[in-house]
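A short reminder: the numbers here are calculations on the coordinates, not readings from a lab. Note that the coordinates shown come from a computational prediction; the quantities given were computed from them, not determined experimentally. As a convention, Cβ positions derive from the backbone with ideal geometry for all residues, glycine included, and neighbour counts pool all protein chains shown.
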Amino acid sequence: MRELIDRAAIELINSRYAIVLTGAGMSTESGIPDFRGPKGIWTTNKEAEAKAYERYELFLRSPQAYWEEMLGGEGTHGAFYREVRKAEPNTGHYALAELEKLGIVKCVITQNIDGLHRKAGTSNVIEYHGSVHKLRCPSCGSRCGFEVLAPEKLPPYCQCGGVMKYDVVHFKEPIPFDVIEQAEREALECDLMLICGTSAVVYPFASLPRAAKPSYASSTTVIEINAEPTQLTHEGISDYLIQGKTGEILPQIADSIKMKVQQNR
Ligand code: APR
């Protein structure tokens, strides 16, 4: 493990444009369960997963019913979103924010809707699946803070006349074009991609590592930090996997980088 941590530190220092892709595994140490890990939400509750696949159609069919569920009490997905909004960043989020401040990490593209990268201080964040802290109008694409929602006036309407939803991308819902375009640009620009805490099975997000490294001959370095091997590991998309917790490994990589930078001064 130590030699992989030092190898990742050196490769990050030598990179021209390093970006980070993250998934739910980044936030489990903040108390937010992941989806497909051994205790994941979908692993342990197939009914919840089936309901998640119907959520976008519910919004299209009945925005009122969608919002009643999204603001529902105990046991509803709305209750889960309320817990997510209360979560705090962990040592992994803070380590990535530090690497951005050192000028090494240029962008974080996250699947997580919890806003914890920004809360930890990372400024260039692409929220690929949106955010529980925002509302979005699918008609015109405008976004606003969740705090403007008036529960007594559901569903919320946009100034353009469209009905607003959570700025969370549900299954079967298109990823907003601005997000897709920014993320693809970052994936094609990077020469190092650090992939943290994702099973990398949900598309189109999972296409980003393959866009960054279209072939074994590609010069892009792909490093995975994950509790378990993933498709990317098995397919050889990632050059190597540092297996373990992001909240433990990322701070060690950041410390190794700071020590090496200090030594070279
Ligand atoms: N450190 C490292 N890896 C971890 C940790 C941790 N502390 N905790 C969990 N993991 C790993 C799990 O073993 C799993 O391989 O993180 C991965 C999380 O995978 P998923 O649960 O599938 O989450 P993610 O890849 O983000 O899911 C993608 O699916 O349901 C949708 O919209 C949802 O954005 C989500 C998308």
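Lysine pairs in the stretch 67-218 whose alpha-carbon atoms fall under 19 angstrom of each other, counting only those eight or more residues apart or on distinct chains, come to 9. If a spin label sat at a point 7 angstrom from the Cα of ILE175 along the line to its beta carbon, the backbone N atoms of the stretch 105-142 nearer than 15 Å would be those of 108-113, 125-131. Can you tell me the orientation of helix 177-189 relative to the chain, as the angle in degrees between its alpha-carbon axis and the longest Cα principal axis, to the nearest 10? It works out to around 10 degrees. For the chain, the Cβ-based charge dipole about the Cα centre amounts to some 340 debye (Lys, Arg positive; Asp, Glu negative; other atoms uncharged).
Subtracting the Cα-Cα distance of GLU3 and TYR216 from 0.36 nm times their residue separation leaves 74.4 nm of extension gain. Computed from Cα atoms, the angle from the helix 246-263 axis to the main principal axis of the chain rounds to 40 degrees. Residues VAL261, VAL169, VAL163, arranged from fewest to most other Cβ atoms within 10 angstrom of their Cβ, appear as VAL261, VAL163, VAL169. Ranking of TYR66, TYR53 by neighbouring Cβ atoms within 10 Å, starting from the fewest: TYR53, TYR66. Calculated FRET efficiency, ARG265 to GLU88, Cβ-Cβ distance, R0 = 45 Å: about 0.85 to the nearest 0.05. Between helix 77-86 and the chain there is an angle of about 50 degrees, using the helix long axis and the longest principal axis of the Cα atoms. Annotation: cysteines of the chain without a disulfide-compatible partner (Cβ-Cβ under 4.7 angstrom) are CYS107, CYS144, CYS190, CYS196.
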